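Structure, as structure tokens:
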Amino acid sequence: MAPMTEHIWPLPNPSVSVVVLAGGQSSRLGSNKALLQVQGQPLLARTVHKLAALSDDLLVVTNEPALYQPLALPARLVPDEKPGQGALMGIYSGLKAAHYAYALAVACDMPFLSLPLLRYMLSLAPASDVVIPQLNGLLEPLHAVYGKACLPAMARLLDRGDRQIIAFFHEVRVRRVESEEIDAYDPDHLSFSNVNTPADWERVQDILEKEQ
């Protein structure tokens, strides 16, 4: 089991960027998930400010920058190179625009991200091209670290119209972070809770109420 520690890399990390994906349609939720209010601030703002502890290069991938400019986020707003091609295009666009060789990529609708878990994942990045959690046999591609070495394989995937994020993994070095490693930092696996439906949003609110 991985050792429990708060400070695996000095903060902010000088060699990793952070990419927050804010391009989803929120169709099942019925409203823009990035602007949902969580403890008095929009979910996107909460996520970006929390992740600022990890890097001095933060990016929000969005094709609607006017929606988020009023939030005055400490992040660059970056569009998809080709809109309408899903989360893989968002990761690709953010990684390509990142200042550093590695980028942590997360969705904007994860209210309970664990900085200790993310720091652990970042500590594994130099030996891999992708560092990705795996829970119950399922990979979490919107809570993962990607190196710029992935860009050519991503581009080939996008060029042939394949939007499945993990479809290029056989071409790069992938480090899977297993459940027992995750448990050392996030035993309840709340990091992977997201907001896709009204039921998800109710669950998030219930968790927040219990934390108070």
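If you take the residues of segment 162-212 that are in a helix (DSSP H, G or I) and small (Gly, Ala, Ser), which of them is surrounded by the most Cβ atoms within 10 Å (Cβ to Cβ)?
In the first step, residues of segment 162-212 are kept if they are in a helix (DSSP H, G or I); the result is 165-171, 179-183, 190-192, 198-211.
Next, only the ones that are small (Gly, Ala, Ser) stay: 167, 179, 191, 199.
Working: Ala167: 15, Ser179: 13, Ser191: 23, Ala199: 11.
In this case the residue turns out to be Ser191.
Here are Arg173, Arg203: which of them is more than 15 Å from Val131 (Cβ to Cβ) and in contact with a Ser or Thr (Cβ under 8 Å, 6 or more places away or on another chain)?
None of the others qualify; the one that does is Arg203.
Could we say that Pro133 is without any contact (Cβ under 8 Å) to a residue 60 or more places away in the chain, part of a strand (DSSP E or B), out of contact with any Leu (no Cβ under 7 Å at 6 or more places or on another chain) and of a type outside the set (A, V, I, L, M) here?
yes
With Asp80, Asp56 as the choices, which residue is out of contact with any Leu (no Cβ under 9 Å at 6 or more places or on another chain), under 20 Å from Ala167 (Cβ atoms) and among the charged types (D, E, K, R)?
After applying the criteria, what remains is Asp80.
Which of (1) surrounded by fewer than 19 Cβ atoms within 10 Å (Cβ to Cβ); (2) in a loop (DSSP other than H, G, I, E, B); (3) modelled with pLDDT of 95 or more is the odd one out, the single condition Leu73 does not satisfy?
(1)
The values are calculated or read from the model by the stated rules, or taken from the named source; none is laboratory data. All values derive from a computational prediction rather than experimental measurement. Counting neighbours? That spans all protein chains shown, and the Cβs are built from the backbone with ideal geometry, glycine included.
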